[in-house]
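Visitor: Encoded as structure tokens, here's the structure I'll be asking about.
Throughout, read-outs are computed from the coordinates displayed, never taken from laboratory work. Bear in mind the structure is a predicted one, so any value in this text is a computation, not a measurement. Reconstructed Cβ throughout: ideal geometry from the backbone, glycine too, with neighbour counts over all protein chains shown.
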Amino acid sequence: MKSSISLNRRSFVKKSSLGVGSILLAPSLVMSSSTCGKLANDIPVNAHLWVYASKFPPNWDCTPVLNTVFSDLSYAGIKGVEIMEGQLRHDDSVERLNGLIKKYNLPVSGSSYGVGFNMWDASQHQKIMDDIKIVVPRLAQVGGKTFGISVGGKKGLKTEAELDAQADILKKIRTICNENGFEANLHNHTYEVENDMHDLKGTLKRIPDFKLGPDLNWLIRGGIDPVEFITTYGKQIVYLHIRDQYQDGTWSEYLGQGDTDFEPIAEVLKAQNFNGQAAIELAFPNDFEPKNELKEDWKMSREFVQKTFGW
């Protein structure tokens with residue numbers, strides 16, 4: 001597997017050593033397999049479809065292969081499909097998605113949101129809100145219940161005025177989500193949590209009660225220990241993205257193949273009484289060819305989550 005990684009969708013850290021060692025190599029909290037089995041088993045384990053969408057730059061719309069997506073995830077025992085906003089912008093998206101939901105008996109759990117937008121830029125707000133008023137009602141029509149928002153990165157630290165603008169539109173988006181029967185959450189990449197979490201702390205200073213949907217792997221790559229993050233913010237975490245990597249920062253093909261120490265993460269989630277939802281997210285380095293059929297990678301990842309987290 002190549003260790004050189006490039007990712008267009010996100011602000012990507014090629015090889016993050018800051019903070020990785022502490023979570024990958026730190027002594028695990030004592031956690032026997034019997035302890036794992038006692039964790040809450042009613043946490044829905046979904047899958048984010050990024051590994052398919054990554055093949056469709058620059059808009060990351062994998063609508064042409066949605067049948068494969070649903071087929072693979074159904075085979076793997078996944079609870080729900082977390083889509084991206086691109087699949088909701090088509091005029092026939094509700095009909096298409098509801099057809100797949102029925103065909104595979106596999107619901108759409110929700111959607112991530114924010115590709116191509118910078119919410120800190122007030123000049124983009126009208127365009128964002130026009131888009132939100134399309135995709136959010138459509139997500140509701142296909143039964144989605146989660147909406148993970150990425151606010152957009154910036155070179156350098158965001159100013160106080162930019163953080164004000166970011167918070168302003170986040171509150172408006174949250175209101176529209178609430179009106180459609182679901183709750184928005186903040187989905188982080190690295191830029192929100194680098195620089196002592198300047199971005200995320202700036203948002204939470206302005207909207208302290210905004211729900212969180214952290215990506216555990218991006219926390220590691222941003223220099224943040226997931227255990228400490230969950231300990232601090234656990235009461236407002238409603239969603240999780242789970243992905244694995246090797247010590248050098250290269251993503252693994254499936255969960256459990258890499259070096260991430262997930263057991264202390266599982267333990268702290270138990271201690272925090274986490275009762276939200278989780279999503280496995282696979283991501284491959286550019287030009288990487290998986291050894292297994294993708295549906296088998298999903299199945300092994302799903303089995304790893306059940307074994308390690310008890311879900």
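Visitor: Can you tell me how much longer the chain between Ser71 and Lys127 gets when fully stretched, taken as 0.36 nm per residue apart minus their C-alpha distance, in nm with one decimal?
Guide: In short, 16.8 nm is gained.
Visitor: Modelled label-to-label distance, Glu296 and Tyr233, 7 Å Cα→beta-carbon offset: nm?
Guide: Computed distance between label sites Glu296 and Tyr233 equals 3.7 nm.
Visitor: So if R0 is 30 Å, what FRET efficiency would Lys55 and Lys307 give, r being the distance between their Cβ atoms, rounded to the nearest 0.05? Mind dumping the intermediate values first?
Guide: Details: r = 29 Å, r/R0 = 0.98.
After rounding to 0.05, the efficiency reads 0.55.
Visitor: Sorting Asp287, Asp164, Asp297 on the 10 Å Cβ count, fewest up front, what's the list?
Guide: Least to most surrounded, the residues fall as Asp287, Asp164, Asp297.
Visitor: Per DSSP helix of 4 or more residues, -39500 (n - 2.57); summed, then divided by the residues of the chain. What does that give at 222 nm, rounded to the nearest 500? Walk me through the numbers before you get to the answer.
Guide: On the way: 12 runs with 126 residues, N = 311.
That calculation yields -12000 deg cm²/dmol at 222 nm.
Visitor: Which order do peptides 143-149, 288-294 fall in by mean Cβ count within 10 Å, highest first?
Guide: The densest-packed peptide leads the list: 143-149, 288-294.
Visitor: When all C-alpha to C-alpha distances in segment 181-311 are sorted into bins of 10 Å, what percent of pairs does each bin hold, rounded to whole numbers?
Guide: 12, 43, 33, 11, 1
Visitor: Now a separate question. Based on alpha-carbon atoms only, what is the radius of gyration of segment 45-309 relative to the globular estimate 2.2 N^0.38 Å?
Guide: 0.96
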